[in-house]
Every structure is written in C-alpha cells, then in structure tokens.
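Below is one structure, written out as structure tokens; comments come after it.
The values are calculated or read from the model by the stated rules, or taken from the named source; none is laboratory data. Values in this document were obtained by computation on a predicted structure and should not be read as measured data. When we count neighbours, we look across all protein chains shown, and the Cβ atoms used for this are built from the backbone with ideal geometry, even at glycine. Accessible surface areas use protein heavy atoms only, side chains included; no ligands, DNA or RNA. Shrake-Rupley method; radii C 1.70, N 1.55, O 1.52, S 1.80 Å.
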Amino acid sequence: MELEPELLLQEARENVEAAQSYRRELGQRLQGLREARRQIKESASQTRDVLKQHFNDLKGTLGKLLDERLVTLLQEVDTIEQETIKPLDDCQKLIEHGVNTAEDLVQEGEIAILGGVGEQNEKLWSFTKKASHIQLDSLPEVPLLVDVPCLSAQLDDSVLNIVKDHIFKHGTVASRPPVQIEELIEKPGGIIVRWCKVDDDFTAQDYRLQFRKCTSNHFEDAYVGSETEFIVLHIDPNVDYQFRVCARGDGRQEWSPWSVPQIGHSTLVPHEWTAGFEGYSLSSRRNIALRNDSESSGVLYSSAPTYFCGQTLTFRVETVGQPDRRDSIGVCVEKQNGYDSLQRDQAVCISTNGAVFVNGKEMTNQLPAVTSGSTVTFDIEAVTLGSTNNNEGGNFKLRVTISSNNREVVFDWLLDQSCGSLYFGCSFFYPGWKVLVF
C-alpha cells in the first residue's frame, strides 16, 4: 500500500532527523575514542620519562654511594698500613744502627790485631775496653710474620644477589590507578570531592587529595587521611579547578599512581559573615567568625541571604569559649537588629548546650552540646506552599533537619510568607568561639 505524499514526506523528515542524531552520537563516541587514545599516549610517554629519569637518578646515586664506600675502605687500608709500619721502621733504624756499630767495631778490632802485642798493645787495650761496653749479645726483637698485619679485603659476593633481587623487583607499571574520583559536588565557596577504590585487590591505608586551578601548573595537597570524602574550601566561584587522588597501600610507604584528573567548579556564591560587627573578627574570606572580647553583643548575620532550600548549610566550630544558654547558630528569614540571639520568631537555631529553638520556642528534642570540632548542618526543604488547615499560624511550611555530632532532629518550620533564600547567623555571649561556615 502506497503512503500519501504528506506521510511520506513526514517519514522522510523523521528519518533525516534520526540520521542526524545518529551521526551526532557517533561523533561524540569518536571524540571519546580520541580522548581515550590521547590519554593512553600521553600517560605512556609521561611514564617513560618518569622511569628514565628515576633510573638515571638511581644509577647516579648508587655510583656515588659505591665511590664513597670505596674511599672509606681505602682510607682504612691507609690507616692500618701507616700505624703498623711505624714500629717496624723504628725497629729497622735500631738494627741498622747496631749494624753500623758492629762494622766499626770489626774494622777497629782487625786493625788492632794486625799490630801485634808490642807497640800496638795500647790499641788492643783500647779496643777491648770499647768492645766490653757494647752489648754484642743484645739483639732487638723482630716480630714474626704471624704477629704483624696481613691486610685483605672481605667482600661478600651475596650483596650482588641481594641488590640484583631488589633491582629486579623495583618499580611497577600500573595500567590503571587503584582509586578514582567518583563525584564532585559544588558548595558555596567549596567543592566536595568523593573518591572510591576501583581495584578490589588493593587495600588502602591512606588517601591523598590534591587540587589546582586549571590555569596553574602546580598541584597542592588538600587532604591526607583515611576518609573517602573531603570538602575543598576557598574555591573561587565560576573558576575551573582540577582534582586528583592517590592512595597508599597497607604497610607501604610509597603512593600509588594518581587518578585521572577531574575538572569541577562551583557556581554558588560563597557564604560570608557581615563585616564591621564590633563583637566579631572575621577571616580574610569572611567565612570564619571569631567572637572577640568586645562587650558588644548581638547576632552576627550573613552578608546576604545566600542559603537556598535544598542545599546543605554547614557550620564547623573551630574553637570554643564559655557556653551560655542564649548562644545560637542557625538561619532566619530576615535580619532583625536589637536581638541578642536567634532564639526568636522567624528563625531556627541550636544553642551551644544542644537545645533547638523554632520561632523562639524550645523543642523537646535536643542535640548534643557543641564542642570544639563539632559540625552543625542545616538541611531545609519546602514541603507545603499555600494555605494550611491548622491553627499553628503560618501558611508556608519548611522541613528542617539539624544534625550535630552524629545525631539529628527533624521538624516542620511554619512561616507567614514564602522565602526564596535565608540568612544565617550566630551569637555568642563569651569570647573564644570561632565558627567556619560553608
């Protein structure tokens, strides 16, 4: 059955679109193959260079060590030779002196004997007297050969086998690193990096995470430890960063090859405290606030409402001071001056003693007290928009989860109006409290 011209034209268009889509997909796969080929070629070339450089350095170092050891041993030979030859030299001088004395005495005695007993009697008398004063039976002690050093070199040929064995086992070539970066999650002013093992036979003891701006040639350490997740802070927004991770095997000293670098960035504006508040000192990036010893009190707010529902807001307590039940860390709809705490309407917070407040009312559920190193997180989601059929006052409901020290409380926060973003804040009545927000 023949198709109508319009249907035939429509089918032709659909086939053309399908062919174009197919071509795009194949083009993307070809690009993927090119990138895979490039990675193999570049990593192979880099590995060759590293191996050549390493073994050249190793040969130079080993040659230097062998030369130094040879010089040390030759110096030992020289020392032993000099110390043991000196007594022999002294003995030789003594014997040569005795030989000369004996030769003089023999010559003088032969002359006296040839003169006879008559007129030469005086010479015989003088010679006999002289000979009596020389101990002709006293001979110096000459050491036996077994009593003097006989130097030799003690060289253990097994060291060659040991060195050979170590050299043959030195270095490996890995086709894939044992760990890879699994996920990059943007945060305000930071990026959460998660990684995982991809080699089941590799037992990791520690991990090492490095990062750099894509415009930089130098990686710097961000984390070394046993965790498989870390948030890298002080990230500039809308700037590409490169991340890589490696691992150290159980009981090993050397690090594994680096993972394939991953590029990530954060589009979120960094959280900042409001500058110029008399009671607090801020870091250069304004993400750390320290309660100073000023008598001024009140709530230190964020510089802008940069927290949005659906995100996780994190406070990390770096140092602590004396706690007070009026202390607070939390979020609010708007800044309200004149309050000394976030324990008020249109705000939720946790006190340093672990008490949780919603719109100024203390909840029954309580979290552990905040201590140095504690991390407090807020996760807020909108669950109801519009009117609510209750008498609790409020027509906008948020589901709030506050977590601290491995415990959490979940509750609904009722507001009179919807809000697209929230402020965060803190208040401490005594100095020493330092809080990082991200």
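Based on DSSP H runs of at least 4 residues, each adding -39500 (n - 2.57), what is the mean residue ellipticity at 222 nm of the chain after dividing by all its residues, to the nearest 500 deg cm²/dmol?
The per-residue figure over the chain is -11500 deg cm²/dmol.
Report ³J(HN,Hα) in whole Hz for each residue of region 58-75, in order, from the Karplus equation J = 6.51 cos²θ - 1.76 cosθ + 1.60 where θ = phi - 60°; Gly and Pro get x.
With coefficients 6.51, -1.76 and 1.60, one gets 5, 4, x, 5, 5, x, 5, 5, 5, 4, 5, 5, 4, 4, 4, 5, 5, 5 Hz.
Hey, any idea what % of the chain's accessible area is carbon plus sulfur with a 1.4 Å probe?
Roughly 51 percent of what the probe reaches on the chain is carbon or sulfur.
For region 356-364, in order, what is each residue's ³J(HN,Hα) by Karplus, 6.51 cos²θ - 1.76 cosθ + 1.60 with θ = phi - 60°, in whole Hz (x at glycine and Pro)?
10, 10, 10, 6, x, 9, 7, 7, 5
Let me understand region 280-437 better: what is its radius of gyration from the alpha carbons, and its Dmax, in angstrom?
14.9, 48
Over all pairs of distinct alpha carbons, what does the Kirkwood formula give as the hydrodynamic radius of region 11-143, in Å?
25.3 Å
Quote the FRET efficiency, to the nearest 0.05, computed for Thr79 versus Ser45 with a Förster distance R0 of 35 Å and r equal to the Cβ-Cβ distance.
0.10
Which of Ile181, Ile402, Ile167 ends up with the largest GNM mean-square fluctuation for the chain, with Cα atoms connected below 10 Å?
Ile167
Protein chains only, probe 1.4 Å: how do Ser303, Ser421, Ser284 rank by accessible area, largest first?
In descending accessible area the options line up as Ser284, Ser303, Ser421.
For helix 158-169, what angle does its Cα long axis make with the longest principal axis of the chain, in degrees from 0 to 90 and rounded to 10?
Approximately 20 degrees, to the nearest 10.
Please find, in a Gaussian network model of the chain (springs between Cα atoms separated by less than 10 Å), the residue of Leu136, Leu342, Leu300 whose mean-square fluctuation is greatest.
Of Leu136, Leu342, Leu300, the Gaussian network model singles out Leu136 as fluctuating most.
Which value, in Å² and to the nearest 10, is the accessible area of Leu70 when all protein chains are kept and the probe is 1.4 Å?
Using a 1.4 Å probe on the heavy atoms, I get roughly 90 Å².
Let me cross-check Cys419: its accessible surface, 1.4 Å probe, with only protein heavy atoms counted, in Å² to the nearest 10?
In the full protein context, Cys419 sits at about 20 Å².
Tally Lys/Arg at +1 and Asp/Glu at -1 over every other residue whose Cβ is under 15 Å from the Cβ of Asp340; what's the total?
0
On average, how much accessible surface per residue is there in the chain, in Å², for a 1.4 Å probe, leaving out ligands, DNA and RNA?
Result: 66 Å² per residue.
Of the cross-linked pairs Lys213/Lys335; Lys52/Lys169; Lys93/Lys130; Lys41/Lys164; Lys41/Lys213, which ones have a Cα-Cα span greater than 27 Å in the structure shown?
Going by Cα-Cα distance, Lys213/Lys335; Lys41/Lys164 fall outside the 27 Å limit.
Taking K and R as +1 and D and E as -1, what net charge do the other residues with C-beta under 11 Å from the C-beta of Ile185 add up to?
-2
For Glu122, Glu362, what's the largest-to-smallest order of accessible area, 1.4 Å probe?
Glu122, Glu362
Want the number for Lys164 to Asn217: 0.36 nm per residue separation, take away the alpha-carbon distance, what's left?
15.3 nm
So, taking all protein chains as they sit and a 1.4 Å probe, how much accessible area belongs to Arg399, in Å² rounded to tens?
Per-residue accessible area (Arg399): approximately 90 Å².
For Asp206, enumerate residues with amide H under 5 Å from its amide H, sequence gap 5+ or separate chain, H modeled in the peptide plane.
Arg248
Give me the extension gain from Lys130 to Ser297: residue separation times 0.36 nm, minus the current Cα-Cα distance, reported in nm with one decimal.
48.4 nm
Once phi is turned into θ = phi - 60°, what whole-Hz ³J(HN,Hα) does the Karplus curve with 6.51, -1.76 and 1.60 give for every residue of region 400-411, x standing for Gly and Pro?
10, 10, 10, 10, 7, 6, 6, 10, 8, 10, 10, 7
Compare Ala289, Ala19, Ala382 in a GNM of the chain, Cα atoms joined below 10 Å, and give the one with the largest fluctuation.
Judging by the Gaussian network model, the answer is Ala19.
Of (i) 1.01; (ii) 0.94; (iii) 2.04, which is the value of Cα Rg over 2.2 N^0.38 Å derived from the coordinates here?
(iii)
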